[in-house]
Amino acid sequence: MRRLRWWDLAAVAVTAVTALINLRQPPYGPEEWGTWIVLGAFLVFYAAYARWFIPGSGPGAPMGHFIVIAMVFAAIIGFGCAFEPAFAIMQTFIYPFLWFTAPSTRSAIASNLLIAFALAVGYALLDGPGDILSGVPTALFSVGFSIALGLWITRIAEYGDERGRLLDELQTAQGQLAVMHRDSGVLEERGRLAREIHDTIAQSLTGLVMVAQRAGNRLEPIEGVAAASARGDVELIEQMAREALTEARGLVASLTPVESEAGLADALRRLATSFERETGVRVSVTADADALDRELEVVLLRCAQEGLANVRKHAHAGHATIEITAGPAEVVLVVRDDGVGPAGAVPGEGGFGLAGMRDRVALVGGEFAFGPGESGGTVLRVVVPRTDAAAPTATPPTPALPSPTSTATPATEENPA
């Protein structure tokens, strides 16, 4: 808007100067009606049409509109010089205006030559066709200076645009680098926290389980109500310690990152192998999921971990399956088991596992379903919209795929299977 006001001020100023010169020269202005008509035409055309194509106040001048502006300005300066030679002062406004609104350098040069030709014709009409050469030097000097200055300023503007583009690319690269450093720091902190939990809480709970087992062995030869009560307390301590140890191991597994080259299918197979070794429940994996975004892979792996964690705690199953099907628009994860189903879960074992999974899926725009299967057992179904990993080449990298070495999570929701 400020740029537009400066152009308005320049148009008014050059018109005022031309009018003052016309008033001071014989025959002292008011009788030179042609000059006043041309001046009025210039102001009206500029205010009603030309000014709206100044870059910054509108979309700029397309080629068709620019041709109209150049031809009208050429006619104005030609007819103006035919009435009053001082009308050539209009060049100080018209030449820069054409350079500023031209859609290309070639069109700006062509319009400058058109103005110079109109200026020479105006001088010829003023002094007669025989004296056309008297206006040629002035026209040539003006257009030469305008083209030289315009090309120089254009080159400076192009250099500035190039520097601006490089600056934007640099800032984008710096932003991506900052995200990479942040993600690297997050992964390092997650790994450190996992090691701390493993080396402190998990080891303490392991020792507590061993102490409870040893105390129970020592109580076996002792008879009596007090001994039976103490034996029950020790068994309860051992059970609680085992459950806490399972939760701690699950937390370590959820925090520990692995190599970013590992794909979702390999991670799920390692998850199934680890779960089968720990629980004895057979797990089969069918994964058709190539070229998925890393963040989407993390979500699906976390959901599979939570599904198997529910199988471990509540389902009493002998077999479980993990199926992933990737379509063109969405990816579907299904975790099934042949256990007792949601209705057979132990009441009161509430937690945040399924609630956290629901929130995680919602963050990526997916859907979550949990319930009994058609032939028994429990079915966990997660549907998330697909994003191709190859498409967002300029986006910052996402964290590495988490470790699937354990399936337990800190807590699960009430009545899962």
Among the candidates Thr412, Thr378, Thr407, residue that is closer than 16 Å to Arg282 by Cα, β-branched (Val, Ile, Thr) and at pLDDT below 85: Thr407
Give the stretch 181-211 a look and list any residue that's within 15 Å of Ala248 (Cβ to Cβ), among the β-branched types (Val, Ile, Thr) and free of Cβ contacts under 8 Å to residues at least 24 places away in the same chain, or say none. Thr200
Out of all the residues in the stretch 272-290, which are charged (D, E, K, R), out of contact with any Asp or Glu (no Cβ under 7 Å at 6 or more places or on another chain) and either at pLDDT 85 or above or part of a helix (DSSP H, G or I) (or both)? Glu276, Arg277, Glu278
Filter result (open to solvent by 90 Å² or more (accessible area, probe 1.4 Å) and more than 20 Å from the chain's Cα centre (by Cα)) within the stretch 165-188: Glu188
Answer yes or no: is there a residue in the stretch 322-334 that is over 14 Å from Arg358 (Cα atoms), in a strand (DSSP E or B) and acidic (Asp, Glu). yes
Of the residues in the stretch 146-194, how many are among the β-branched types (Val, Ile, Thr) and more than 30 Å from Ala88 (Cβ to Cβ)? 3
Answer with yes or no whether Arg214 is in a helix (DSSP H, G or I) and either in contact (Cβ under 8 Å) with a residue 24 or more places away in the chain or among the small types (Gly, Ala, Ser) (or both). no
Identify the residue in the stretch 291-320 that is open to solvent by 30 Å² or more (accessible area, probe 1.4 Å) and at pLDDT 80 or above and, among all such residues, is nearest to Leu264 (Cα to Cα). His319
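Would you check if Val72 is out of contact with any helix residue (DSSP H, G or I) (no Cβ under 9 Å at 6 or more places or on another chain), surrounded by fewer than 18 Cβ atoms within 10 Å (Cβ to Cβ) and of a type in the set (Val, Ile, Thr)? Break it down stepwise before answering.
On the way: out of contact with any helix residue (DSSP H, G or I) (no Cβ under 9 Å at 6 or more places or on another chain): no; surrounded by fewer than 18 Cβ atoms within 10 Å (Cβ to Cβ): yes; of a type in the set (Val, Ile, Thr): yes.
No, not satisfied.
Checking the condition more than 30 Å from Pro85 (Cα to Cα), among the hydrophobic types (A, V, I, L, M, F, W, C) and touching a strand residue (DSSP E or B) at 6+ places or on another chain (Cβ under 9 Å), which residue from Leu167, Leu187, Leu193 passes?
Numbers: Leu167 fails: touching a strand residue (DSSP E or B) at 6+ places or on another chain (Cβ under 9 Å); Leu193 fails: touching a strand residue (DSSP E or B) at 6+ places or on another chain (Cβ under 9 Å).
Selected residue: Leu187, the only one of Leu167, Leu187, Leu193 that is more than 30 Å from Pro85 (Cα to Cα), among the hydrophobic types (A, V, I, L, M, F, W, C) and touching a strand residue (DSSP E or B) at 6+ places or on another chain (Cβ under 9 Å).
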What is the number of the single condition among (1) under 30 Å from Pro85 (Cα atoms); (2) at pLDDT 85 or above that Gly150 does not meet? (2)
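Looking only at the stretch 116-130, decide whether some residue is open to solvent by less than 70 Å² (accessible area, probe 1.4 Å), under 30 Å from Pro85 (Cα atoms) and among the hydroxyl-bearing types (Ser, Thr, Tyr). Write out each step before concluding.
Of the stretch 116-130, the ones open to solvent by less than 70 Å² (accessible area, probe 1.4 Å) are 116, 118-124, 126, 128.
Those still in the list that are under 30 Å from Pro85 (Cα atoms) too: 116, 118-124, 126, 128.
So of that shortlist, the ones also among the hydroxyl-bearing types (Ser, Thr, Tyr) come out as 123.
There is at least one residue in the stretch 116-130 that is open to solvent by less than 70 Å² (accessible area, probe 1.4 Å), under 30 Å from Pro85 (Cα atoms) and among the hydroxyl-bearing types (Ser, Thr, Tyr).
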Scan Ser142, Ser134, Ser204 and give me the residue that is within 29 Å of Leu98 (Cβ to Cβ), among the small types (Gly, Ala, Ser) and modelled with pLDDT of 75 or more. Ser142
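When the residues of the stretch 210-236 are filtered to those that are within 28 Å of Glu278 (Cβ to Cβ) and open to solvent by 80 Å² or more (accessible area, probe 1.4 Å), which remaining residue is modelled with the lowest pLDDT? Outline the logic, then answer.
Applying the first criterion (within 28 Å of Glu278 (Cβ to Cβ)) to the stretch 210-236 yields 210-217, 220, 231-236.
Add one more test, that the residue is open to solvent by 80 Å² or more (accessible area, probe 1.4 Å), and what stays is 210, 214, 217, 220, 233, 235-236.
Working: Met210: 82, Arg214: 80, Asn217: 79, Glu220: 73, Asp233: 80, Glu235: 81, Leu236: 83.
That would be Glu220.
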Whether any residue in the stretch 357-366 is modelled with pLDDT of 80 or more, in a strand (DSSP E or B), of a type in the set (A, V, I, L, M, F, W, C) and in contact with a Cys (Cβ under 9 Å, 6 or more places away or on another chain) is what I want to check. no
Could you tell me how many of the residues in the stretch 75-87 are open to solvent by 10 Å² or more (accessible area, probe 1.4 Å) and under 53 Å from the mean Cα position of the chain (by Cα)? 2
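The values are calculated or read from the model by the stated rules, or taken from the named source; none is laboratory data. In this text the structure is predicted, and so the values were computed from the model without any measurement. Glycine gets a Cβ as well: all are built from the backbone with ideal geometry, and neighbour counts include every protein chain shown. Quick note on the areas: whole protein, heavy atoms, side chains included, nothing else; ligands and nucleic acids left out. Shrake-Rupley method; radii C 1.70, N 1.55, O 1.52, S 1.80 Å.
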